[in-house]
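Peer 1: I'd like to ask some things about the structure below.
The values are calculated or read from the model by the stated rules, or taken from the named source; none is laboratory data. Bear in mind that the values here come from a model prediction, so they are computed numbers and not experimental data. Note that each Cβ is placed from the backbone with ideal geometry, even for glycine, and that neighbours are counted across all protein chains shown.
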Amino acid sequence: MSTPDEDRQALSRLFQRRKIADRDHLFAALDTRSRMTVFRRLSPMGYLSSYSHAGRYYTLRDIPVFDPDGLWQHAGVLFSRDGTLKKTVVRLVEEADAGQFHRELHGRLRLRVHNTLADLIAQQRLGREAVDGEYLYVGHDGVRAAAQIARRVEMGRALTPAVKERALASAAVIEVLLEIIHGTVMRLDALDVAARLVARGVAVTSAQVEEVFRRYGLVKKTAPSRSRRSRR
């Protein structure tokens with residue numbers, strides 16, 4: 001039977017090699033099928049479970065390099081510095097000066113959180129208010145929630161329906177480009193970029209971000225297939 005120190009070394013080697021691991025990898029590294037043993041060894045090392053993939057994956061706390069939203073992605077698996085999806089959603093909503101719509105949270109978290117939001121509302125950890133035909137999620141504290149709603153309404157008034165469909169003002173275009181250049185997004189996705197900018201108080205829609213992508217040639221283009229004749 002291995003000692004605790006030997007088990008820690010085995011886990012360290014596993015995460016150095018893989019960065020993330022599921023339970024089968026952990027069982028194999030420790031040569032056990034006992035969940036209790038695995039988590040008894042993991043706990044002193046400090047670990048996080050993924051908020052995607054039903055929490056199936058694990059990593060050590062000192063491995064992720066989190067983005068400005070406190071999120072990290074590896075091999076398509078998503079982690080948060082907060083540990084759980086619910087804690088992450090609460091933080092992102094409470095930190096956003098204008099609250100968050102579900103579509104904005106979806107863009108930032110890269111998964112749908114309808115059920116999570118419903119649970120948080122039922123648990124009175126978040127509030128919500130109908131704004132422009134969709135629910136705006138805000139902090140549970142009444143003063144903070146009122147400020148978030150007021151800011152969102154103000155942003156909505158600044159964008160008339162006609163303006164929302166037209167190109168952005170130069171200052172907002174610069175904000176979009178800076179968001180991309182500074183590497184605060186993991187992928188070139190209009191919904192993701194728009195959600196991050198809205199969280200910073202920049203009035204912008206995903207359609208407008210897509211227009212910036214097109215204007216500056218940032219849209220991925222599929223390379224034309226080469227025919228047999230063209231290879232000659």
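Peer 1: Regarding Phe15, is this residue outside any loop (DSSP other than H, G, I, E, B) and closer than 24 Å to Met1 by Cβ?
Peer 2: yes
Peer 1: Could you tell me how many of the residues in the range 13-22 are closer than 17 Å to His74 by Cβ and touching a residue at least 12 places away in the same chain (Cβ under 8 Å)?
Peer 2: 6
Peer 1: Let me ask something additional. Take the residues of the range 82-119 that are out of contact with any Asp or Glu (no Cβ under 9 Å at 6 or more places or on another chain) and basic (Lys, Arg): which is farthest from Arg17 (Cα to Cα)?
Peer 2: My answer is Arg112.
Peer 1: Counting only residues that are charged (D, E, K, R), touching a strand residue (DSSP E or B) at 6+ places or on another chain (Cβ under 9 Å) and in a helix (DSSP H, G or I), how many does the range 79-94 have?
Peer 2: 3
Peer 1: Same structure, new question: Here's a check for you: in the range 100-135, which residue that is of a type in the set (A, V, I, L, M), touching a residue at least 40 places away in the same chain (Cβ under 8 Å) and part of a helix (DSSP H, G or I) is surrounded by the most Cβ atoms within 10 Å (Cβ to Cβ)?
Peer 2: For the range 100-135, the residue satisfying everything is Leu105.
Peer 1: Still on this structure, I have one more. Residues of the range 87-130 being under 16 Å from Ala199 (Cα atoms) and of a type in the set (Val, Ile, Thr), which ones?
Peer 2: Listed by number, the residues that qualify are Thr88, Val89, Val90, Val93.
Peer 1: Mind telling me which of the residues Thr59, Thr3 ends up being surrounded by 14 or more Cβ atoms within 10 Å (Cβ to Cβ) and either modelled with pLDDT under 95 or of a type outside the set (A, V, I, L, M) (or both)?
Peer 2: Selected residue: Thr59, the only one of Thr59, Thr3 that is surrounded by 14 or more Cβ atoms within 10 Å (Cβ to Cβ) and either modelled with pLDDT under 95 or of a type outside the set (A, V, I, L, M) (or both).
Peer 1: Still on this structure, please answer the following. Of the residues that make up the range 72-87, is at least one closer than 19 Å to His114 by Cα, assigned by TED's automatic domain parsing to the domain that holds Arg128 and aromatic (Phe, Trp, Tyr)?
Peer 2: no
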